[in-house]
Amino acid sequence: MRAQKVLELQQQSQKCSVGCPVLDRCLGGGIPCNSVTELVGESGVGKTQLCLQLVISAQLPPSLGGLSASSIFIHTEFPFPFRRLRQLSRAFLASHPDLLDPCDRVFLRAVHSAADLLALIPIIETFLLHSPSPVRIIVIDSIAALFRSDFDNTGSDLRRRSSLFFRISGGLRRLAKRFGIAVVVTNQVVDFMGDGDVRVGNLGNGLYSSGRRVCAALGLAWAHCVNSRLFFCRDDNEKSRRMSVVFAPHLPHSSCEYVIKGEGLFGQETTSV
Amino acid sequence: MEVGMLPISSSKRGKLLAAGYTTLDAIARVSPTHLARDIDVSDGEALEILNLATKASALERPNGTHSAVVGGGQTAWDMLNDEKFSSYITTSCVDLDNILGGGIKCTEVTEIGGVPGIGKTQIGIQLAVNVQIPREYGGLGGKAIYIDTEGSFMVERVQQVAEACIEDMAEYSHHFHKDFQTCDVKMHHNNIFENIFYFRVCSYTEQIALINYLDKFVTENKDVKIIVVDSVTFHFRQDFDDMPLRTRLLGEMALNLMKLAKRFCLAVVMLNQVTTKCIEGSFQLTLALGDSWSHSCTNRIILFWNGNERYAFIDKSPSLKAASAPYSVTTRGIRNSTSSCKRIKMM
């Protein structure tokens, strides 16, 4: 083990564009490498959309904000939205005709349980060592689905569950460090139940989505397992959607409205706070 | 070592002795302005004397240890005297410094814990920068070791904090040392980067190995004045079925850190996570790693939300009284909470 002087580290941690300049600005350049970023939001708010867009824009050369790299997409919710990926990649090819078909550079894997995911991490490690093209993005969509059914609400089960959280997160962080990968996990929300819950992060008056007060699923232990957490919500009337930074070591609290179009997810300039 | 040994002119030596400065330690413990006033020389000359004195006294103690500690005997009176002159690392938040008696104390192990997003890493980064504030500005002029177990250390954030810190120093020197050209802020954030030793640790075995190796590392890099472990907890919440083993490993690690703190007169800051604990049927927040762990640090600070403000609470300390203070995390780093600033302005 060797001390690194901070001077020798990269002056700015490498970021991967999410494919929209407005959202990138809100995120200080994009999703950071060597780090685990969590996207939280209720279903249909656009988490998966953003993940798909990320794996595509990761293939851009660094001059355009990407990493020139392939991605691994681990999905736990079925079916995988092939058609949407196809649609996004056509739009991508139209604007960047010199690059390969993005679908060729996304590796898919379905996972059915938390134990599967844990067992998959060393497999990914070997894969990354021998992969012909660099892989710099790992997406897990969603982590919550793996944990929401298999565990009872008893002390021993909860303990087993949080131990799994820390092992999975430890494995992901090790991969992120070793290969300079940006890890993105998506998480669901649960309704906020009274005062029993602990306030996590910046949004003082709680997280609101579709008029309900919610909080991220999987509880406090999992919140310690990610480096940054982004919250996605939409309004009652479903007209406006908003992305907010709940916590991140490198970002102040900020938020940004966005819309979902055929070509992907786009931030709205006007209302950034 | 006596003042007589210093390579300075005999008139200055005479002035020093006349003012009561007989030992090098006594000189090393005053600020340059104080010294200048006491012996009636210019600030620049006083600084020169001070530098010579600190160098000479460092030479005298090659291991950085007090001879009395090695001998095993030290009276409470000596300890009280040492205590008076022990150094602190400012947190850049005046309210927080006040309840801590000046900042994070060297020679002690301080644990800081709180929920995700409360600013633990931010405090760690701020301390790693602040430890480098030169002596002329009331700092320690030391170096920092940052042990990152979670991957939350972001260089761009260090840069923001470092630049703000340099700006503050420039302002300070402008206000108080108008004629003090010699130490006009010549620091650049790259200097600050150069003095933070960063270790990224990926498993608990690495963490233990690293902490055992630090003894050697700090011997080689004497200026290290703070060790930040961010977080001490993460790897120890992963793979342990054998809880007694975990307790033993953690205890040994804490002991090693405590030894380092005492031996090299440096501050150790361990960041901890929180967990819920079931007390008589109701769930309460508490710092992770269990009850036995809470004995292993000298001071324990808990960070929490109160409304929309961040607060720090001294949960355990042998010398400080229980108190809490608000603070805020800004682009420039840890600062006083904005509402308390307003309060001061109104008064």
Charge-dipole axis of the protein assembly as shown as Lys and Arg at +1 and Asp and Glu at -1 on Cβ define it, positive-most pick from B:196, A:115, B:336
A:115
Provide Rg over Rh for the protein assembly as shown; use the alpha carbon set for both Rg and the Kirkwood Rh (inverse mean inverse pair distance).
1.01
Amide H proximity to residue B:310 below 5 Å, modelled H, separation 5+ or other chain, gives B:327
Using a 1.4 Å probe on the protein chains only, how many percent of the accessible area of the stretch A:1-97 belongs to carbon and sulfur?
55
How about the stretch B:254-296: which of its residues lose at least 20 Å² of accessible area in the presence of all protein chains relative to their chain isolated, using a 1.4 Å probe?
B:273, B:274, B:285
What residue among B:302, A:207, B:24 has its Cα farthest toward the positive end of the dipole of the protein assembly as shown, where the charges are +1 on Lys, Arg and -1 on Asp, Glu, each on the Cβ?
A:207
The stretch A:173-186 - phi-based ³J(HN,Hα) in whole Hz, Karplus 6.51/-1.76/1.60, Gly and Pro as x
5, 5, 4, 4, 5, 5, 10, x, 9, 8, 9, 10, 10, 9
About the Cα centre of the protein assembly as shown, how large is the charge dipole given +1 on each Lys and Arg Cβ and -1 on each Asp and Glu Cβ? Please answer in debye to the nearest 20.
460
Take every Cα pair under 8 Å in chain B that's 6+ residues apart, average their separations, divide by the length, and report that relative contact order as a whole percent.
21
Enter the Cα centre distance for the pair the stretch B:116-177 and the stretch B:187-224, rounded to the nearest angstrom.
16
Note to self: Kirkwood Rh of the stretch B:247-345, Cα pairs, one decimal, Å, is 15.9
Let me check the size of chain A from its C-alpha atoms; what are the radius of gyration and Dmax in Å?
18.1, 55
Looking at the calculated P(r) for chain B, what percent of the C-alpha pair distances fall above 37 Å?
22
Which of the listed residues, B:162, B:285, B:313, is farthest toward the dipole's positive end in the stretch B:82-346, when Lys, Arg count +1 and Asp, Glu count -1 at the beta-carbon?
B:313
Given Cβ point charges of +1 (Lys, Arg) and -1 (Asp, Glu) and nothing else, what value in debye, to the nearest 20, does the dipole of the stretch B:3-60 about its Cα centre take?
100
Once the in-chain neighbours fewer than 8 apart are removed, the aspartates and glutamates whose Cα is under 12 Å from residue B:105 read B:83, B:97
Any residues in the stretch A:222-261 that have 50 Å² or more less accessible area with all protein chains than in their chain alone, probe 1.4 Å, and which are they?
A:224, A:249, A:250
Show the residues, 5+ positions off or on another chain, whose built amide H is closer than 5 Å to the amide H of residue A:110.
A:75
Tell me, what ³J(HN,Hα) does each residue in the stretch B:234-239 have, in order and in whole Hz, if you take phi through Karplus 6.51 cos²θ - 1.76 cosθ + 1.60 with θ = phi - 60° and put x for Gly and Pro?
3, 6, 7, 9, 8, 10
What ratio of Cα Rg to 2.2 N^0.38 Å holds for the stretch B:3-60?
0.96
Restraint check, A:177/B:316; A:177/A:239; A:47/A:177; A:177/B:143; A:5/B:55; A:5/B:321, Cα-Cα greater than 30 Å
A:177/B:316; A:177/A:239; A:5/B:321
Per-residue ellipticity at 222 nm attributable to helices in chain A (runs of n ≥ 4 DSSP H, -39500 (n - 2.57) apiece, nearest 500 deg cm²/dmol) works out to -9500 deg cm²/dmol
Hz values of 3J(HN,Hα) by residue in the stretch B:127-141 - Karplus curve (6.51, -1.76, 1.60), Gly and Pro given as x
5, 5, 7, 5, 4, 8, 4, x, 4, 4, 9, x, x, 10, x
Under a 5 Å amide H to amide H cut-off, with H placed in plane at 1.01 Å, what residues pair with residue A:209 once short-range neighbours are removed?
A:214
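The values are calculated or read from the model by the stated rules, or taken from the named source; none is laboratory data. Just so we're clear, the structure is a prediction, and the values are computed from it rather than from any experiment. Using ideal geometry, Cβ is built from the backbone for each residue, glycine included, and neighbour counts are taken over all protein chains shown. Ligands, DNA and RNA are excluded from the accessible area calculation, which covers all protein heavy atoms including side chains. Shrake-Rupley method; radii C 1.70, N 1.55, O 1.52, S 1.80 Å.
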